[in-house]
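J.: Take this structure, written in structure tokens, and hold onto it; I'll ask about it next.
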Amino acid sequence: MSETLILFLQQDLGLSSEQIGFALRQIQQAPNQLPMILWQYGMVNLQQLDQIFDVLETA
């Protein structure tokens with residue numbers, strides 16, 4: 001997982017290490033699905049999901 005993405009999730013979106021850890025455990029079988037897992041479990045809204053995709057696009 002990109003360090004840039006993890007920092008963005010923590011610093012810009014305010015997700016906790018526990019939330020990110022939970023999402024990372026959920027994606028062990030589908031590693032590219034982190035943004036969708038965060039959204040699916042209500043950790044980010046659609047606007048934040050779009051921001052995550054923007055960060056991934058530029059990374």
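Every number in this text was worked out from the coordinates using simple rules, so none of it is lab data. All of these numbers come straight from a predicted model, not from anything done at the bench. Neighbour counts run over all protein chains shown; Cβ positions are idealised from the backbone, glycine included.
J.: So, counting K/R as plus one and D/E as minus one, what does the shell of residues with Cβ under 14 Å around T4 add up to? Don't skip to the answer; put the middle values down first.
T.: Numbers: positive: none; negative: E3, D12, D54, E57.
Taking every Cβ under 14 Å from that of T4, the sum is -4.
J.: Which entry is the computed semi-axes √(5λ) of the Cα gyration tensor in Å for this structure: (1) 46, 11, 10; (2) 15, 13, 12; (3) 43, 12, 9?
T.: Matching the structure shown: (2).
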